[in-house]
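S.K.: Got a structure here, written out as C-alpha cells. Questions coming.
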C-alpha cells in the first residue's frame, strides 16, 4: 500500500518524474530553486503565481535530489516544508517520493482510546543507538509490559545532532540524526504489527531559535500583536493567517496520512495565540475528524496549562470527542508529587496546603483547578469545570519529559520520593479509569536522569547554558558560581549521553521489582478496568477522611462501579468500605478487606462491582 499527503507546500513528486516546487514567499521580489542531482546542477527561476506564491515544474528529477530556494539573488534557504534535510537545517532539502515506501499495515484501523496505555519516549535517548531503527528493537518489550501506545517526542528537524525536539524549524522533516523518513515509517509499521498505537508530539506554538529562515521572505508567518515565552507568536489570526493556518493543518494531516500515525499530542496549546473563531486548535481537530478520523481511530491529545474543558467536550448522545480525546493532566502529577516527595517549590506551592484533596479531585473530576485562583500564577483564575467529562478525557502521569527534564539535574521521582508513597502513586496511576502515561524507563526506576540537552551554535549555546543556570539561581542549593556549575551544560554531549537509558537495569535488583509492579498492575488494568470504560460520560466522586484518607468512587461506562480506598500516611487508617464489590487489588493490605476496614501505612484497596452482577 502507498500513502502520501497532497499539499500546496514543498516539493510534490509525480509518477513521471516531474517535481513541482512551491514556496510561499510574500516578501520576496524574486525566487529561484537551486537543484542538484546526478545529472545536473541548475538555478531555475520560479514563476510568481500571485498571493506570494512561487512555483517551478521540473522534469526528470530523481528522489534524493537536493534543492534549496534562493531569495532575491541573496540568501539560499531550505524548504520550510521539506520532507527531509539530510545535512541539518541550514543545508539543502532532499526530494522525497512518499510512494516509494510500501506500507505493510493496510488492515490497521487503530485501537479505541479506552485501551490506551501511553509510553512517552525520546528517540535519541530511548536506545544506545538513538535511532528510529533501534527503537523497533524495544517494541516487543513494551507489548509485554502492557503498553498499547507509544508517544514519540517531537522529531521535526532541529539544529545540531541532539535536542528534545521542541526547537524544531522544519516541521515536515524527520530529523536526520534519527534516520530517514522511511526509517520512521518502518517504526510506525512495526508498532502497528504488534498492536501498538503511535502518537507524535508536535509543536505549533513557535519555531526554534536557530535555523528558521521564514523571517527573511515570509515575515507574515509571524504575529504583529502576540508574543509567546519563546518570542514572537505564529500568525494564526492576522492578515495572511489563512496560509499559515493551512501550513500547520497540512502538517497534522501529513503525519497522520503519509506516516500513518494514530494520533498527535499538541504541545503547549496555552502558548498558541489565536483570537479567531474557530481557533486553530478547533479547526485542526475538525480536519482530523473529517479526514483520517473517518476511516480509523485517530486521537488528539492536548497540553494546555489553562485547563480548558471545552476542548475536551463530548457529543451529547455518545462519548466520542468533538475536539480532543484528552489533555495531559499536570494537576495529577503535581498533587501526587507533593504527597510523595514533600517538595513545595514553584508550581507545587499551589498544591502544598491540601495535596490529597487535589489528588482526590483529579481522580474523580479531571482537573484539580476548575476556575479557582492559582497563587503561583498571581492568583489568576485557572481552569474550567470538568466533572461532566469522562475520566478518559485526561492523561495522568507521574513522570514526563517536562517534569523530569526541567528539574536542574533531571532527576527522576524514584530518586527523590518516599518509596512507599511512590508505590501507592503507581497504583493510583495505573488502575484509575483515566488514561495512564509512563515516561521511558519509569517502569524499572531507571537511574539515568533525563536532562535538558541541545546542540546550538556557539553564541546561542552559551546563552542557553547561562540562562539555564540563572533559572535556578533562586534555589538555595544552586547559589554561587560553584553550585551553579553543577547544573549540566545543555550543549555538552555528555549531558545527552548521560540521559540514555541503561536497559540492563531492568533485570537488576532494585529495578526488577518496580518492573514487576508495573507489569502486574497493567495486566490487571487490561483485564479488570479497560473492558468497562467504553461509553463513560462523566467523572466520579471523592471524599477526604481526616488528612490522610482518600475514598474515590467511579461509575464506569457499562454501569460497573470502581472504588479506591487509600491511606496516604505512615499510620493505619480505618477506611469506609464501599457498599459492595470484589477486591481486585490490595497494596500492603490483606485480601479480606471486608473483615477489617483498617488500611496499613501507605495501603490501598481497589474494589469492582460489575454491572452484570
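The values are calculated or read from the model by the stated rules, or taken from the named source; none is laboratory data. Everything numeric here is computed off the predicted structure, so don't read it as measured data. Don't worry about glycine lacking a Cβ; one is built from the backbone with ideal geometry, like all the others, and counts go over all protein chains shown.
S.K.: Of all residues in the range 453-472, which are in a loop (DSSP other than H, G, I, E, B) and either at pLDDT below 95 or surrounded by fewer than 24 Cβ atoms within 10 Å (Cβ to Cβ) (or both)? So that I can check it myself, show each step before the final result.
M.R.: The initial filter retains those residues of the range 453-472 that are in a loop (DSSP other than H, G, I, E, B), namely 453-457, 472.
Across the range 453-472, the qualifying residues are 455, 456, 457, 472.
S.K.: I'd like to check something: does the range 49-72 contain any residue that is surrounded by fewer than 22 Cβ atoms within 10 Å (Cβ to Cβ), assigned by TED's automatic domain parsing to the domain that holds residue 161, free of Cβ contacts under 8 Å to residues at least 24 places away in the same chain and more than 27 Å from residue 1 (Cα to Cα)?
M.R.: Scanning the range 49-72, I find at least one residue that is surrounded by fewer than 22 Cβ atoms within 10 Å (Cβ to Cβ), assigned by TED's automatic domain parsing to the domain that holds residue 161, free of Cβ contacts under 8 Å to residues at least 24 places away in the same chain and more than 27 Å from residue 1 (Cα to Cα), so the answer is yes.
S.K.: Mind listing whichever residues of the range 551-578 are surrounded by fewer than 19 Cβ atoms within 10 Å (Cβ to Cβ) and touching a helix residue (DSSP H, G or I) at 6+ places or on another chain (Cβ under 7 Å)?
M.R.: 558, 577 - these are the residues of the range 551-578 that are surrounded by fewer than 19 Cβ atoms within 10 Å (Cβ to Cβ) and touching a helix residue (DSSP H, G or I) at 6+ places or on another chain (Cβ under 7 Å).
S.K.: To continue, here is another question. Can you say whether residue 20 is within 25 Å of residue 258 (Cα to Cα), in the same structural domain as residue 218 (by TED's automatic domain parsing), part of a strand (DSSP E or B) and touching a residue at least 24 places away in the same chain (Cβ under 8 Å), as far as the supplied structure shows?
M.R.: Considered against the rule, which asks whether it is within 25 Å of residue 258 (Cα to Cα), in the same structural domain as residue 218 (by TED's automatic domain parsing), part of a strand (DSSP E or B) and touching a residue at least 24 places away in the same chain (Cβ under 8 Å), residue 20 comes out as yes.
S.K.: Those residues that are in a loop (DSSP other than H, G, I, E, B), within 22 Å of the chain's Cα centre (by Cα) and touching a residue at least 60 places away in the same chain (Cβ under 8 Å), I need them from the range 407-432; list them, please.
M.R.: From the range 407-432, those in a loop (DSSP other than H, G, I, E, B) are 407-412, 416-418, 432; that's our starting set.
From what's left, within 22 Å of the chain's Cα centre (by Cα): 407-412, 432.
Once the filter is applied, which keeps residues that are in a loop (DSSP other than H, G, I, E, B), within 22 Å of the chain's Cα centre (by Cα) and touching a residue at least 60 places away in the same chain (Cβ under 8 Å), the range 407-432 yields 408, 409, 410, 432.
S.K.: Being surrounded by fewer than 20 Cβ atoms within 10 Å (Cβ to Cβ) and under 30 Å from residue 373 (Cβ atoms) is true for just one of 265, 289, 310. Which residue is that?
M.R.: Numbers: 265 fails: surrounded by fewer than 20 Cβ atoms within 10 Å (Cβ to Cβ); 289 fails: under 30 Å from residue 373 (Cβ atoms).
The conditions single out 310.
S.K.: Still on this structure: As an exercise: evaluate residue 450 against (1) closer than 27 Å to residue 125 by Cβ; (2) modelled with pLDDT of 95 or more; (3) loosely packed, with under 14 Cβ neighbours inside 10 Å and give the number of the one condition it does not meet.
M.R.: (3)
S.K.: Buried (at least 19 other Cβ atoms within 10 Å of the Cβ), at pLDDT 95 or above and on the phi > 0 side of the Ramachandran plot: which single residue out of 425, 441, 378 fits that description?
M.R.: On the way: 425 fails: on the phi > 0 side of the Ramachandran plot; 378 fails: buried (at least 19 other Cβ atoms within 10 Å of the Cβ).
So the residue among 425, 441, 378 that is buried (at least 19 other Cβ atoms within 10 Å of the Cβ), at pLDDT 95 or above and on the phi > 0 side of the Ramachandran plot is 441.
S.K.: Something else: Just checking: which of the strands (runs of 3 or more DSSP E) contained wholly in the range 224-343 hold 1 or more residues that are at pLDDT below 95 and either farther than 30 Å from residue 190 by Cβ or in contact with a strand residue (DSSP E or B) (Cβ under 6 Å, 6 or more places away or on another chain) (or both)? Break it down into steps so the answer makes sense when it comes.
M.R.: Values: elements: 231-234, 263-266, 299-302, 326-328.
Per the criteria, 231-234.
S.K.: Give me the residue from the range 362-379 that is in contact (Cβ under 8 Å) with a residue 40 or more places away in the chain and part of a helix (DSSP H, G or I) and, out of that set, farthest from residue 537 (Cα to Cα).
M.R.: 363
S.K.: Can you give me the number of residues within the range 298-320 that are under 24 Å from residue 114 (Cβ atoms), in contact (Cβ under 8 Å) with a residue 60 or more places away in the chain and touching a helix residue (DSSP H, G or I) at 6+ places or on another chain (Cβ under 7 Å)?
M.R.: The number of residues fulfilling the criteria is 3.
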